[in-house]
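Throughout, read-outs are computed from the coordinates displayed, never taken from laboratory work. Given the structure is predicted, the values throughout are model-derived calculations rather than measurements. Positions of Cβ are generated from backbone atoms using ideal geometry, with glycine treated the same way; all protein chains shown enter the neighbour counts.
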Amino acid sequence: MDPIWLELGRLVESGAPGALVTITRTAGSAYQREGTKMLFRASGENLGTISGGCLEVDIFERCRAVLATGTPRIVTYTPESMIDTIFGFGSGCLGTIDLLIEPTEAWREGRARQMLDEICRRVRSGERFGVLTLLREGDELSLPLRRLLIDSRRELAEGDAWVPRALLDAAITAVTATDRRPSRNLRKSANGRSAEALIDVFVPPQRVILFGAGEDARPLAAIAAQAGMEVAVVDWRPELLRAERFPEGTALHCLRPEDFPGEVALTGSPAVVLMSHGYEADRTVLDCLLENAPSLGYLGILGPRSRTDRLLEDLGVEEGEVPLARTPAGLDLGADTPEEIALSIVAEILAVRKHRRGTPLVEPALDRARTDRAPQKA
């Protein structure tokens, strides 16, 4: 779930003052990207982060100014302007960031309130959708802000009917895109006039289903939850499915292997990890998962590859017929402890979801030096 939207709904309902901050455009290096949000309360508390802490003090003061006037505004931070007036250093990022700051009061009534209620409903239900906000027409901030809600079926769900056609087409494309970061700034020109908008795409969190509630499932559930994933744990042993053993919000399902998946939905590309340490149980559940393989986003199997080979052989399946299966589950991090193994599995799930290889962002300097010193073949 997106806690910012839900907390905004609660803040608006309570009547307490606050400000919603949204990144509408980035250029160059930036800590966060378009669509990232932060909620400031007038009491001084905040939810979320824009810069990792470098700009938040200054942003808070700008939020107070917006609350004083009641008028949204766009603030631009450039590498030259990102100088902390107290400590004398900048954000550490060499990019430009545009922020939309709007008082929560603007969401309290009328169509804006209807829009917020619909957004929160869709967030809770796990739907994919986009919120298109018209920011500028020409060089002027478009006030009052106009928004359009677009669902994953490319249909207009809620909001104002008028928006430049070119922006609308680009927004619909973004909502259905498979990019890692579908939210983006849109700029289009038509009939000699330019318009700028933000399409803020809500992507449902990755669902993770753990079959097996043993001790090694606990750190896996905890790390997955910390990464923003929705975790469900399935086991046939009720003594292992105690709520205090797992993070708050973990869905616990007591099911016998032969009854799997029961009420546990396998739709929506969930990541499933087999880790019951019971051979017969894993085989039974694996048989079910293979029948539903097209709907899965990830399938990890704990244990040595020889064990998985035996499972597949018993089921009459060749390993090449199950390209989705990761066995042993996890990236090669040299993991030994349950916590390290859990980290490697969550990292692999994330890499698969983001269509990445799970390799280092850069080659370590030490490895480069070793390569440079290696003798060259003639």
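Points worth noting:
- Volume per residue of the convex hull around the Cα atoms, evaluated for the stretch 109-204, comes out as 87 Å³.
- Bridges between two residues of the chain, per DSSP, are antiparallel at a rate of about 70%.
- Shape call, the stretch 207-353: gyration tensor on alpha carbons, a/c limit 1.5: rounded
- Extension gain from Glu291 to Asp169, taking 0.36 nm per residue of separation minus the Cα-Cα distance: 40.2 nm
- Per residue, the convex hull spanned by the alpha carbons of the stretch 223-284 comes to 98 Å³.
- Using the Cβ-Cβ distance between Arg128 and Ala351 with R0 = 22 Å, the FRET efficiency computed as 1/(1 + (r/R0)^6) comes to roughly 0.60.
- Size of charge dipole - the chain - debye, nearest 20, with Cβ of Lys, Arg +1 and Asp, Glu -1, no other charges: 1200 debye
- Modelled spin-label separation between Arg310 and Thr359, with each label point placed 7 Å from Cα along the Cα-to-Cβ direction: 3.5 nm.
- Listed residues Phe202, Ala351, Pro270: farthest to the positive end of the dipole of the chain (Cβ charges): Phe202
- For Arg136 and Arg237, the difference between the fully extended length at 0.36 nm per residue and the C-alpha to C-alpha distance is 30.6 nm.
- Diffusion coefficient of the stretch 160-293 by Stokes-Einstein, Kirkwood radius over Cα pairs, 20 °C, 1.002 mPa s: 122 µm²/s.
- Nearest-0.05 FRET efficiency for Thr176 and Glu318, computed from C-beta distance (R0 41 Å): 0.75
- Taking θ as phi - 60° and the Karplus parameters 6.51, -1.76 and 1.60, the scalar couplings of the stretch 271-285 work out to 9, 10, 10, 8, 8, 7, 6, x, 4, 5, 5, 4, 5, 4, 5 Hz in sequence order, x denoting glycine and proline.
- Approximating the spin labels as points 7 Å out from Cα along Cα→Cβ, the Arg193-to-Ala27 distance works out to 2.4 nm.
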